[in-house]
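Take a look at the structure below.
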Amino acid sequence: MVPRIVTPADAAQLIPDGATVALCGCLSMLEPDAVLQGIEARFLQEGHPRDLTVIHPVMVGGKIGSGINRFAHDGLMRRVIGGSFSIFSDYEITGMITGNRVAAYNLPIGTIFQWLRESGAGRPGLLTNVGLQTYVDPRVEGGRANGAAAGALSEVVQFAGQEWLFYPSLQVDAAIIRGTSADPQGNISVEHEPASLGIYTLAVAAKHFGGKVIAQVQRQVEAGSVHPRLTVVPGRLVDAIVVDPTQPQMVIGERPEITGEVRALLNPEPVPLTVASAIARRAMQEIRDGQLVNLGYGIPALIPALGFAQRLHERVAFSIEHGPVGGLPDGMATFGPSANPDILMDSTFVFDLYDGGLLDVTLLGLAQVDRDGNVNVSKFAHMAPGSGGFCNICHQTKKIVFCGTFTTGGLQAEIVDGQVVIRKEGKVKKFISKVEQITLSGKAAREKGQEVLYITERAVFRLTADGLALIEVAPGIDPAKDILPRMEFPIAIPPSVATMNPAIFREG
């Protein structure tokens, strides 16, 4: 049956009360905002649909009032399961979660994609060891992101002599996806998109349970006008299509070099010498030629531009969890796509690769670290941004490098004549007695034999059998003054502690 072309208002009528809705997108990438606007408008006018469970692997919506923020109305959602939420306190979804107005769960992005895949394939559920000994583990927090969430979504089971997390098959009643084009048979293609973000996985999950699949596209095209390898969702899986000629590729506009349509001449903006870029420079020293390298949001996103003059992007393959492999990943302002990618993988496949331990090294941000080497990036008193792909990325990767300033909240530090100078100390300590949430378990990392480093502007630490060990100190830093008083736990200062490479604190 050929899917119907419908308006956003018509599409909203396909969502029943109490439905479980799978939603695609990553910030403004593949954001099906016209459909979401239609659902919001119907709810505000009629009070329906209501009491939805919304599951989205990645945060959807790049600004206030868009994406998942359109569902942040009391009564529209009763439960939300997300791989990530917003880092911005003024986003509507943030207030809804922190105000306990919806039951919120945060699971790793890869776990959500794999859970939907297993559910759509008719299997009993997902068996995974990603998240054991972290906040995802039902013996810890069970992925609950706020006080309104009751119970866990998984259980710990024994299988083949090992512990696993088991997520029972999830019934999906509707999937809302986005592509570039729809042909006369309703096949959905992604020729102008920088990622596919598991839209096929979401569609199959809904259709397996007899649910509806709504696809938003920019245009209708003639049959055969799009290469079949760029057509990722068969029309027989799609029930309704909303055509929005104004849908942007991303909020930053059209960039054909991130979709593989053209190969652009690359010329990234130079990165000035700051404490953040010094941290990134030190992290770069952990990368070796020929490696598959994952980069996370934050300071690690500076690395591609910092290493451009040395052609680092040609000597290694950068991998971003949303799909691109190779090329030059974007910086913090537009993090997610890569210019001139070699491959654009679907996110579901990316996380299979990560879970299988095929990354050589990952460089990630850090928000809190404790005496046991546990790291928190997912939940704080004032917000619950979620872990994103963090748990999958760290699960089996051989070397994990965390990058972040030593303190935060007003830290003023600069580099003067190759020395780190702390002008004003941050109000908030990052190296604390106990993290608010365990996103990475130091104990589990030690058991797996992973190499874990924590790089800051004033020191480098290594995870050992006894916890954190100080292995390097930056030029100009006095450990007794600038390190020990700024931590909530004691740490030994070796008499012959190494100095961080002075070259990273100088221009050039």
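The values are calculated or read from the model by the stated rules, or taken from the named source; none is laboratory data. Bear in mind that the values here come from a model prediction, so they are computed numbers and not experimental data. Remember, those area values only see protein heavy atoms, side chains included, never the ligands or the DNA or RNA. Shrake-Rupley method; radii C 1.70, N 1.55, O 1.52, S 1.80 Å.
Some values worked out for this structure:
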| item | result |
| --- | --- |
| Rg/Rh (Cα only; Kirkwood hydrodynamic radius) as it applies to the stretch 106-231 | 1.08 |
| Which listed pairs, of LYS399/LYS427; LYS379/LYS434; LYS63/LYS207; LYS379/LYS430; LYS430/LYS481; LYS379/LYS427, have C-alpha distances above 20 Å, in listed order | LYS399/LYS427; LYS63/LYS207 |
| Kirkwood Rh and Cα Rg combined as Rg over Rh, evaluated for the stretch 262-318 | 0.95 |
| Per-bin percent of Cα-Cα distances, the stretch 357-508 [10 Å] | 11, 41, 35, 13, 0 |
| Relative contact order (%) - criterion: Cα under 8 Å, at least six apart; region: the stretch 137-263 | 24 percent |
| Computed P(r) (all Cα pairs; the stretch 33-187; 10 Å bins; percent) | 10, 36, 34, 15, 4, 0 |
| Volume in Å³ per residue [convex hull over Cα atoms, computed for the stretch 174-318] | 149 Å³ |
| The chain: relative contact order as a whole-number percent, Cα under 8 Å and 6+ apart | 13 percent |
| Space enclosed by the convex hull of the alpha-carbon atoms of the stretch 1-75, per residue, Å³ | 98 Å³ |
| Exposure rank, largest accessible area first [GLU457, GLU451, GLU222; 1.4 Å] | GLU222, GLU451, GLU457 |
| Rounded to whole Å, sorted largest first: equivalent-ellipsoid semi-axes of the chain, Cα gyration tensor | 39, 26, 20 |
| Antiparallel bridge percentage (DSSP; both residues within the chain; nearest 5) | 45 percent |
| Accessible-area composition of the stretch 288-356, carbon plus sulfur, in percent [1.4 Å probe] | 57 percent |
| Rg/Rh (Cα only; Kirkwood hydrodynamic radius) as it applies to the stretch 220-282 | 1.18 |
